[in-house]
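Q: Before I ask anything, let me first share the structure, which is written out below as structure tokens.
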Amino acid sequence: MCGIVGAVAERNVQGILLEGLKRLEYRGYDSAGMAILSEDTRLNRQRAVGKVSSLEACLQEAPLNGNVGIAHTRWATHGRPTEGNAHPHQSGDSLAVVHNGIIENFETLKTELEGQGYVFTSETDTEVIAHLLAREFTRSQDLLTAVQRALSGLGGAYALGVMHKGEPGVVIGARKGSPLVVGVGIGEAFLASDPLALLQVTDRFIYLQEGDVVRLSPGGRIEIFDASGEAVKRPVQVFEHGDGLTTKGEYRHFMLKEIHEQPQVIAATLEGRLGERGVLVESFGTNAESLFSRAKQIHIVACGTSYHAGMVARYWLERYAGIPTQVEVASEYRYRSVVVPEDTLFVTLSQSGETADTLAALRFAQERDYLGSLAICNVPGSSLVRESDLTLMTQAGPEIGVASTKAFTTQLTALMLLTLALARVHGGDAQRQVEIAAALRELPAIANQVLALDNEIEVLSAAFAEKNHALFLGRGAHFPIALEGALKLKEISYIHAEAYPAGELKHGPLALVDSEMPVISVAPNDELLDKLKSNLQEVRARGGELFVFADEDVAIEQTEGLRILRLPHIDEALAPILYTLPLQLLSYHVAVLKGTDVDQPRNLAKSVTVE
Ligand code: AGP
């Protein structure tokens, strides 16, 4: 939810930390701050409300200088976005800490620390960590020991970066429930919430594990200790995606760039996973075949856009693999008395692999009698990937725009591969599997044709700029696509949008339809088309303005109040992937017309690592 960067370098770290914060801004952007230890061991700090650019302006006025520092971009959980609540938090002028996560027992700790004379100056939970660490440092005179002792009293989730002027040259990091990686430099070492923040200085990373504490010291020394305090070695991994993926290139926004990257990332997600007879089951892992053959049910758990991908997969898994499937949002699932039928496979979907609710759901599931767990994820080394039995990586590359686009369509692609793998193992219709596999191979090219409709979609978007509400309709596997279209529109344009299965319209939402309520419908040429057509008539009869995304062969004529955008023909199994694209473009252009912050919409964060 917040972003952390830390550095122990052989040069002034201000520029490194600032660039790192810019790359982490997707994680939170209501305030930012930095603390650097100067050569004469003074702890100097700058904090600013608003985006990282506000902090940058402050640093231009009064630069910080030193080889050791920590920095933070915030998404408020405790206390308003003010300078006083921005990180780093300090205890006096000797210790500074940055924190991502939530300390659940902060009130008890605060009362205890206030009783011991510590004075609080912010409304945050993080400040208790600063004073707790300062107290433990006074007792032990060793920063690593102080951190280890303080952590044993902290409840909740955290990733931390800490420094103390009593130990100049040292930055300590720790993680439990929130991500943290170590960047391995040449004679230098770094910390960050996400490798993206550090690609400017290294492509070699150590992904810390739950409970790990790391000490970075001069000369690039990196020492890692596990939750029991034992020194441990963790592997160094080379980051595979190039740094070019983290810049906007010729595009005005990351979101637009990421929408246009979809043909290539869908192709990358398919690469090496399709053989002549369909999907290669081994691409899910060595024991996938035996696990899949035993799976009689599937439970899919995810949040937000990833949840919508799971909803589409339910239609696919039941139809093409004949496997009963349940899909649920993680924040509900983990608090339910879940009944797990025998031989149920547990599947999580997540772009980041660090979403707190999804991770908690996985851990909850691991205590129950599931057959095993599969994570479909976009971030190698993420907690979800490490903690699942099987993984299928999507190859979307870094997704910077807060509104998920290419992560969604690559999840759908991976879910269709999962469907085909299960269908194959369970002896489903082999001919149909071969047809869908062939259609998957053609998908990137057809997706390119749809993206070429960008200008037409931009023209359509003008009809939404002045509206306050919108309704999205779809049937079957396109109902979740309508949900995703509505989520995109509200997320980035702030227009209130709802989605319904088209057949539900007459059971209530039809009362909302008038000339002020644009209705968007996804109408590929599948078996539900005739039913959808009558639903559209219901809207027209009430004066509602209709926007229909339809197959080029669909016999619906454009008339007054009914605008049609025709899409190239595609195998109906894959239509949900293709029909997502125009909805993404529509939301994007509406948001641009409305002048909102497309890549960093208000109140949101890219990676939701708090409950
Ligand atoms: C989508 O546009 C959102 N930003 C959000 O719903 C997101 O999909 C959700 O928070 C889940 O994230 P994850 O895929 O990283 O787990």
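Q: Is it the case that the range 413-423 has a residue that's crowded, with 18+ Cβ neighbours inside 10 Å, more than 12 Å from the ligand (Cβ to nearest atom) and among the polar types (S, T, N, Q)?
A: yes
Q: Tell me whether the range 567-584 contains one or more residues that are free of Cβ contacts under 8 Å to residues at least 60 places away in the same chain and under 23 Å from residue 463 (Cα atoms).
A: no
Q: Within the range 155-163, is there a residue that is among the small types (Gly, Ala, Ser), surrounded by fewer than 16 Cβ atoms within 10 Å (Cβ to Cβ) and assigned to a helix (DSSP H, G or I)?
A: No, the conditions are met nowhere in the range 155-163.
Q: Kindly evaluate residue 376 against the criterion of being within 12 Å of the ligand (Cβ to nearest atom), at pLDDT 95 or above and either in a loop (DSSP other than H, G, I, E, B) or within 30 Å of residue 602 (Cα to Cα) (or both).
A: Answer is yes for this residue.
Q: Which count do you get for residues in the range 240-257 that are in contact with a Pro (Cβ under 9 Å, 6 or more places away or on another chain), of a type outside the set (Ser, Thr, Tyr) and either buried (at least 16 other Cβ atoms within 10 Å of the Cβ) or modelled with pLDDT of 85 or more (or both)?
A: Adding up the residues that qualify gives 2.
Listed here are the residues, each with its yes/no results for (1) outside any loop (DSSP other than H, G, I, E, B); (2) buried (at least 17 other Cβ atoms within 10 Å of the Cβ).
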| residue | (1), (2) |
| --- | --- |
| 48 | yes, yes |
| 80 | no, no |
| 90 | yes, yes |
| 96 | yes, yes |
| 102 | yes, yes |
| 112 | yes, no |
| 131 | yes, yes |
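Q: Can you tell me which of 353, 381, 304, 278 is within 24 Å of the chain's Cα centre (by Cα), surrounded by 17 or more Cβ atoms within 10 Å (Cβ to Cβ), on the phi > 0 side of the Ramachandran plot and more than 11 Å from the ligand (Cβ to nearest atom)?
A: Criteria check complete, one pass: 381.
Q: I need the strands (runs of 3 or more DSSP E) fully contained in the range 171-256, keeping only those with at least 3 residues that are farther than 18 Å from residue 148 by Cβ and in contact (Cβ under 8 Å) with a residue 12 or more places away in the chain. Talk me through it step by step, then tell me what you get.
A: Numbers: elements: 171-176, 181-184, 189-192, 204-207, 213-217, 221-225.
Answer list for the range 171-256: 181-184, 189-192, 204-207.
Q: Considering only the range 386-412, state which residues are of a type in the set (A, V, I, L, M, F, W, C) and within 12 Å of the ligand (Cβ to nearest atom).
A: 396, 400, 402, 403, 407, 408
Q: Looking at 459, 434, 450, can you tell me which residue is over 26 Å from the mean Cα position of the chain (by Cα), part of a helix (DSSP H, G or I) and closer than 22 Å to residue 256 by Cβ?
A: Details: 434 fails: closer than 22 Å to residue 256 by Cβ; 450 fails: over 26 Å from the mean Cα position of the chain (by Cα).
Result: 459 is the single residue among 459, 434, 450 that is over 26 Å from the mean Cα position of the chain (by Cα), part of a helix (DSSP H, G or I) and closer than 22 Å to residue 256 by Cβ.
Q: Could you check residue 334 against (1) within 27 Å of residue 209 (Cβ to Cβ); (2) without any contact (Cβ under 8 Å) to a residue 60 or more places away in the chain; (3) of a type outside the set (Ser, Thr, Tyr); (4) away from the ligand (no atom under 15 Å from the Cβ) and say which number it fails?
A: It is condition (4) that residue 334 fails.
Q: Which of the residues belonging to the range 50-78 are touching a strand residue (DSSP E or B) at 6+ places or on another chain (Cβ under 7 Å) and either aliphatic (A, V, I, L, M) or in a helix (DSSP H, G or I) (or both)?
A: 52, 54, 55, 58, 59, 62, 64, 68, 70, 71
Q: Right, another one. Residues that are within 16 Å of the ligand (Cβ to nearest atom) and either under 29 Å from residue 285 (Cα atoms) or among the small types (Gly, Ala, Ser) (or both): does the range 454-466 have at least one?
A: no
The values are calculated or read from the model by the stated rules, or taken from the named source; none is laboratory data. Keep in mind the model is a prediction, meaning the values are calculated, not measured. Neighbour counts run over all protein chains shown; Cβ positions are idealised from the backbone, glycine included.
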